[in-house]
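The structure appears right after this line, and notes come after that.
The values are calculated or read from the model by the stated rules, or taken from the named source; none is laboratory data. Bear in mind that the values here come from a model prediction, so they are computed numbers and not experimental data. Quick reminder, even Gly has a Cβ in these numbers, built from the backbone with ideal geometry, and neighbours come from all protein chains shown.
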Amino acid sequence: MKTLRILIADDHEVVRRGLASLLQNHEGWEVCGEAVDGRDAVDKAAKLHPDLVILDIGMPNLNGLDAARRILHVAPRTAILVLTIDNTEQIMREVLNAGARGFLLKSDAGRDLVSAVEALQGHRTFFTSKVAEIVLNGYLAPTPLSSPLDAAKERLTLREREVVQLLAEGKTTKEVAVVLGMSVKTAETHRSNIMRKLALHSVSQLVLYAVRNNIVQTIPSLDSEAAAS
């Protein structure tokens, strides 16, 4: 049987190592690499050609959903398993729209990660019952009318979404240009187009938009979580 090559992407080292420890002893599976953010995941997926990528949603520089879109654009046969701490309906719809074949809450990883990977290895999907309900309702329920802001969101290109995330994370236009390998003028043009499309007038409004639309996430640190437990 062909070895299943797995790439793990999460910005917390302790999470990456924990996931790897759950997978590496499974016969026929190999953790071929680890990525520290979404952009690193896209780069390593292109270099390592994994069969499966496990992606955290809330990563810096490029979130997991947009990373999934980029990976599937260049390697459509790659299986994507999304990990998240958020099980809201909006997140689930975003996961489905990104093309992921699996959805797993981080809190359930210890119990369900192996089963999820086995499902994707067998060319099946792995979603919670709530996701299945959303899919069914999507076929049965009428599509609600979208607001002008929703329409603007749909018109943002993947590159513009990248710019939104970097700006929302506090990077300057010059820093955005460096990260994305473009001229400062091009970055400024993207920023102007984004603000115009979304009818926004300040960076604070852009940050709020990015959070509300899951381009960036406000996630408590692992230290905070440990202190609360």
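Figure legend. Inter-residue proximity from region 89-108: first residues touching a residue at least 40 places away in the same chain (Cβ under 8 Å), second residues exposed (fewer than 15 other Cβ atoms within 10 Å of the Cβ), beta-carbon distance below 7 Å, spacing 6+ or different chains. Indicated pairs: 92/130. Just one of (1) more than 30 Å from residue 175 (Cα to Cα); (2) in contact with a Gly (Cβ under 6 Å, 6 or more places away or on another chain); (3) of a type outside the set (A, V, I, L, M, F, W, C) fails for residue 63. It is (1). Evaluation of residue 109 against the conditions (1) of a type in the set (Gly, Ala, Ser); (2) under 19 Å from residue 12 (Cβ atoms); (3) touching a Lys or Arg at 6+ places or on another chain (Cβ under 6 Å) shows that the sole unmet condition is (3). What residue, among those in region 167-205 that are at pLDDT below 85 and either outside any helix (DSSP H, G or I) or of a type in the set (A, V, I, L, M) (or both), is farthest from residue 155 (Cα to Cα)? Ranking the candidates gives 170 first.
Matching residues to (1) over 21 Å from residue 163 (Cα atoms); (2) modelled with pLDDT of 90 or more; (3) touching a strand residue (DSSP E or B) at 6+ places or on another chain (Cβ under 8 Å); (4) outside the structural domain of residue 117 (by TED's automatic domain parsing):
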position: 11; (1), (2), (3), (4): no, yes, yes, no
position: 29; (1), (2), (3), (4): yes, yes, yes, no
position: 33; (1), (2), (3), (4): yes, yes, yes, no
position: 51; (1), (2), (3), (4): yes, yes, yes, no
position: 55; (1), (2), (3), (4): no, yes, yes, no
position: 62; (1), (2), (3), (4): no, yes, no, no
position: 69; (1), (2), (3), (4): no, yes, no, no
position: 82; (1), (2), (3), (4): yes, yes, yes, no
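For region 12-29, name all the residues that are part of a helix (DSSP H, G or I) and exposed (fewer than 11 other Cβ atoms within 10 Å of the Cβ). Those that are part of a helix (DSSP H, G or I) and exposed (fewer than 11 other Cβ atoms within 10 Å of the Cβ): 14, 21.
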